[in-house]
1. Dimensions of the chain along principal axes (Cα, Å, largest first)?
2. Please report how far the C-alpha centroid of the range 1-50 lies from that of the range 288-326, rounded to the nearest whole angstrom.
3. Return the distance in nm (one decimal) between the two label points of a simple spin-label model at Ala393 and Arg136, each offset 7 Å from Cα along Cα→Cβ.
4. Can you tell which of Met389, Thr415, Pro429 lies farthest toward the positive end of the dipole of the range 335-435, using +1 and -1 charges on the Cβ of basic and acidic side chains (Lys, Arg; Asp, Glu)?
5. Calculated FRET efficiency, Leu342 and Asn211, Cβ-Cβ r, R0 45 Å, to nearest 0.05?
6. What is the extension gain from Thr237 to Asn317, computed as 0.36 nm multiplied by their sequence separation minus the C-alpha to C-alpha distance, in nm to one decimal?
7. Evaluate E = 1/(1 + (r/R0)^6) for Glu354 and Thr222, where r is the Cβ-Cβ distance and R0 equals 22 Å; express this FRET efficiency to the nearest 0.05.
8. Tell me the angle of helix 2-21 to the major Cα principal axis of the chain, expressed in degrees between 0 and 90 and rounded to the nearest ten.
Amino acid sequence: MIILTALILTELAFMIWNIAEGDLHRKEKAVSAIAIFLIFVTLCLTGVIEWGFRYYILGFALALQSIIAVIRLIKQDKTEAFGRVIGKSVGKFVGKTILYTTALMLAIICPQFTEPEPTGQYNVLETKYTWTDENRTETFTDTGGKRKITVCVWYPENCSEKIPLIIFSHGAFGFSGSNYSTCTELASRGYTVAGIDHTYHALFTADTEGNVTIADMNFINTVMEHNATDNPEKEYTDNREWLDLRVKDIDFALNTIIGLSQSGDPIFVNTDTTKIGLFGHSLGGAAAAQTARNRSDISAVINLDGTLLGDEIAFENGGTVYTDEPFPVPMLDIYSQYLYDLVNEYKSENKLKEYVNFHTAQISENVVSTYFKDSGHLNFTDLPLFSPMLGKALGNMGTGDIDSLYCINTMNKLTGDFFDYALKGKEKPEIEKEY
């Protein structure tokens, strides 16, 4: 981290200078503090530093230091004994190192990065809705209130033609912006894209009234138990419950958008709801696929590293039973090496006759599968760009050794090309078996 290194080296230089000359150099240090703050402001104004949540604490600390420095320049300086100079210099160096490291922790965990540029012809606009499903009671609370979902919508600016609709469903602990780069890429190509925050399944949901709802702890704990223990029957039961919730969320969002498009809503008036695509990551991919099986108005699905839980139709004799119904619409099934290796290892231990996704692909003519070598489960979200440290900390479940920018850019292109083929009638893309 260049900023942290520069600040610590500045403090180190003052400590050495102070001890060498037996003087705290208060006036010089005050001028330095003011100069550092002005440099920080200049870097923010010129765009070298992107002002945002990463730098709020540091900005406040540097501003406060510069105010104190102005006061110190006005006051009369005083001489300190040599012993006190050493103690104060070392103490200030340690204190400032801790202060700057703490202030820059968010920037260290989530470093500034260049977002993938949308490649389509349109500029992308964004808005948000919070809708209440009057037909469902919220089961995560005991208030008897109706279930609410928040939907983030990306759409092309100044697009007068009819454009297809795409719905995005995030993974467990994700949120509507987990695949922000994918959603904006699709919108730039001429799609209305609606990302659903599955309330209480999402890491957080910020609705249009400013209320923030975090993920339900019981849901989090149960997902973690699935990863730590081997209880296939309980997993099957839990997965059906979660899938049912998400499919109903997607149904509600779709039906609401269809109604708005028919009523002339300015955001959805040009949305062609006869051409609908769904995509999702992990649990969201399973929900997208199951919705396509349930509804007759879905034209295409992309599943990002998700198990097709809806194709597991029963649990009998210690194992799951798979549907023999071919998948009804074109589907692109994208695997990480993490998932690919996991299911093959599970199969080799005789715990699995065949992975459900492989089974569905074998009985369906319109399912295309591909796999990204050295990728982890979360390489198919924007997390490894937003926080490489967090992605690596999660192991292969997080990010693999694949170049994260290459992975997300390639996946976004495949997503756009596949939907262009399935929803706009363009040429079928050549999809490699491995990337």
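1. 87, 55, 50
2. The distance from the Cα centre of the range 1-50 to that of the range 288-326 comes to 59 Å.
3. Here the modelled spin labels are 3.2 nm apart.
4. Going by the Cα projections, it comes out as Thr415.
5. Details: r = 37 Å, r/R0 = 0.83.
Plugging the Cβ-Cβ distance into 1/(1 + (r/R0)^6) gives 0.75.
6. Values: separation 80, 0.36 × 80 = 28.80 nm, distance 1.47 nm.
Here the answer is 27.3 nm.
7. With R0 = 22 Å, the Cβ-Cβ based efficiency is 0.25.
8. 20
The values are calculated or read from the model by the stated rules, or taken from the named source; none is laboratory data. Please read these numbers as outputs of a predicted model, since none were measured by experiment. All Cβ positions, glycine included, derive from the backbone under ideal geometry; neighbour counts span all protein chains shown. Just the protein is used for accessible areas: all its heavy atoms, side chains included, with ligands, DNA and RNA removed. Shrake-Rupley method; radii C 1.70, N 1.55, O 1.52, S 1.80 Å.
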